[in-house]
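This report concerns only the one structure given below.
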Amino acid sequence: MFSVKTSISTYKTFADFAKAFALSKDDLVITQSFIYDPYMKALNLPCTFVMQDKYGMGEPSDEMMNRILADVKGTTFKRVVGIGGGTVIDISKLFVLKDLDNTTDAFERKIPIVKEKELVIVPTTCGTGSEVTNISIAEIKSKHTKMGLADNAILADHAVLIPELLKGLPFKPYAFSAIDALIHAMESYLSPKANAYTRLFSVKAIEMILKVFNGIAEQGEDYRYDHFEEMLTASNFAGIAFGNAGVGAVHALSYPLGGNYHVPHGEANYQFLTEVFKTYFKKDPNGSIKELNEILVRNLHIDKALSDTNPRLIYQKLDELLGKLTPKNHLHHYGMKPEEIDGFTENVLQTQQRLLANNYVHLDADEIRNIYKSLY
């Protein structure tokens, strides 16, 4: 019913972590220059460092991973330490695998998925939750979509939460990553695989995230600085929840948008959140979505009598709160064309069944198409 195989630690500073984990020449550290310079450079650590941002910006791709793989080939290391956001984490997970010569082969399972190195993940955003999940996501350039590898071989042995590392994160990526954590918690709550154990983590994550969001809406962007630890913890809780129960249509529908127009993961998910949940509610208002809506009513401070007579008010208020952090866009804003709606729908049905299996209710092609149309 429930499993957390990753050991979770927290440290106030990166220096404390480096000392406790005895980072050495046996470590391959995958990170980014803007994280390395302020937090690692002065420590003169003997590790082999890879700066992911030198291989391209944005979401991870098979091409990016293969270029890094070629550059570290022949390097001896016993442990992979990923320090960064979702891109760094997804890359780091692949680098623990045995006999990896082409990362596309791993995503397509053309090679045995066997863990060979120890994996330590240190998130520097507050949204992926990927430090405690067995999933790596990458854009497969040749297929113009994203693919996921889900296997316990790529689970981190250690997840390390360091609030200090969020200080340099600009507000916009902070907001999108935190919204992504909220989506993880909400989707996992409704998943058919959810149970009493996973929902403990989903509910607590929702409560913590919305409390910080309400604070930001009332007091401004700087409110986040005193609440990095809470948001990191909430993201981790949401990761534990969706690592066990899974996420569904919000993520599935966002992948063609991200794959074709390079929209960052959290931002792409945000565009679909409330429209997918409105569709769910319309199809079955009396299942677990009713319980979830009650949680949202409490934490969005909505008058219960009003929400009882107009349940759609819940999603309206959620959109209003998230819009105070960062506005939601129409899909055409990213370059999507109306003639792509059918293609995106078909792509989701063909490539994202792993996620669609976690939907609250079944969504057919017409319903998926209508979601794209309404958001276009």
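What percent do you get for the relative contact order of the chain when only Cα pairs under 8 Å and 6+ apart count?
16 percent
Suppose R0 equals 51 Å; then what is the FRET efficiency for residue 69 and residue 312 from their Cβ-Cβ distance, rounded to the nearest 0.05?
Approximately 0.60, to the nearest 0.05.
What's the magnitude of the charge dipole for the chain around its Cα centre, counting Lys and Arg as +1 and Asp and Glu as -1 at the beta-carbon? Answer in Debye, nearest 20.
380 debye
Taking Cα pairs under 8 Å and at least six residues apart, what relative contact order does segment 7-166 come out at, in percent?
Computed over segment 7-166, the figure is 28 percent.
Restricting to the chain, compute how many DSSP beta bridges are antiparallel as a %, nearest 5.
25 percent
How charged is the neighbourhood of residue 344? Take every other residue with its Cβ under 13 Å from the Cβ of residue 344, and add Lys/Arg as +1 and Asp/Glu as -1.
Local net charge: 0.
Using the Cα gyration tensor of segment 217-296, with a ≥ b ≥ c the square roots of its eigenvalues, what is the shape: rounded (a/c below 1.5), prolate (a/b larger than b/c) or oblate (neither)?
Taking the square roots of the gyration eigenvalues as a ≥ b ≥ c, segment 217-296 is oblate.
What residues from segment 152-169 fall in the zone where the backbone N is under 19 Å from a label point 7 Å along the Cα-to-C-beta line of residue 49?
Those under the cut-off are 162, 164-169.
For segment 101-117 and segment 136-207, write down the distance between their C-alpha centroids in whole Å.
Cα centroid of segment 101-117 versus Cα centroid of segment 136-207: 22 Å apart.
Taking 0.36 nm per residue of separation and subtracting the Cα-Cα distance, what length does fully extending residue 4 through residue 101 add?
Contour length minus Cα-Cα distance gives 32.0 nm.
For residue 342 and residue 118 in the same chain, what is the full-extension length gain: residue separation times 0.36 nm, less their Cα-Cα distance, in nm?
Taking residue 342 through residue 118 to full extension adds about 76.4 nm, to one decimal.
Considering the convex hull of the alpha carbon atoms of segment 7-166, report its projected area averaged over all viewing directions, in nm², one decimal.
8.4 nm²
Roughly how tilted is helix 196-219, in degrees to the nearest 10 and between 0 and 90, from the longest Cα axis of the chain?
Roughly 80 degrees between the two axes.
Let me know the charge dipole size of segment 180-283 about its Cα centre in debye, to the nearest 20, where only the beta-carbon of Lys, Arg (+1) and Asp, Glu (-1) is charged.
Roughly 660 debye, rounded to the nearest 20.
I need 113, 35 ordered by Cβ neighbour count within 10 Å, fewest first.
Exposure proxy ranking, most exposed first: 113, 35.
Under 20 Å between alpha carbons, and skipping anything fewer than 8 positions from residue 54 in its own chain: which lysines qualify?
41, 73, 93, 141
Take the residue pairs 5/204; 204/282; 5/193; 290/317; 282/317; 5/25 and return only those whose Cα atoms are more than 24 Å apart.
Checking Cα-Cα distances, 204/282; 5/25 exceed 24 Å.
Between residue 22 and residue 333, what is the label-to-label distance in nm when each label sits 7 Å out along the Cα-to-Cβ direction?
Placing both labels 7 Å beyond Cα along the Cβ direction yields 5.0 nm.
Could you check the spin-label model distance between residue 217 and residue 229? Points 7 Å from the Cα along Cα→Cβ, value in nm.
2.6 nm
Using a 7 Å offset from the Cα along the Cα-to-Cβ direction at both residue 324 and residue 152, what is the distance between the two label points in nm, to one decimal?
Roughly 4.4 nm, to one decimal.
Hey, got the dipole for segment 7-166? About the Cα centre, +1 on K and R Cβ, -1 on D and E Cβ, debye to the nearest 20?
Magnitude of the dipole: close to 160 debye.
Rank these for me by crowding, 351, 75, going from fewest to most other beta carbons within 10 Å.
Listing 351, 75 from fewest to most nearby Cβ atoms yields 75, 351.
What number comes out for the charge environment of residue 208, summing +1 per Lys or Arg and -1 per Asp or Glu over other residues with Cβ under 15 Å away?
0
Just want the answer: with Cβ charges of +1 for Lys and Arg and -1 for Asp and Glu, which residue in 277, 358, 195 is farthest toward the dipole's positive end in segment 171-375?
195
Using the Cβ atoms and a cut-off under 13 Å, what net charge is assigned to the surroundings of residue 38, where Lys and Arg are +1 and Asp and Glu are -1?
It works out to a net charge of 0.
Need the C-alpha centroid separation for segment 1-74 versus segment 287-323, integer Å.
Each part reduced to its Cα centre gives a spacing of 40 Å.
Measuring from a point 7 Å past the Cα of residue 143 along Cα-to-C-beta, which residues in segment 90-107 have an amide N at less than 13 Å?
Residues 103-107 qualify, since their backbone N sits under 13 Å from the label point.
Just the number, please: percent antiparallel of the DSSP beta bridges in segment 7-166, rounded to the nearest 5.
Expressed as a percentage, antiparallel bridges in segment 7-166 total about 25.
Bear in mind these aren't lab numbers, they're just calculated from the coordinates by the rules spelled out. It should be emphasised that the depicted structure is a prediction, and the values quoted were computed from it without experimental measurement. We place every Cβ from the backbone using ideal geometry, glycine too, and count neighbours over all the protein chains shown.
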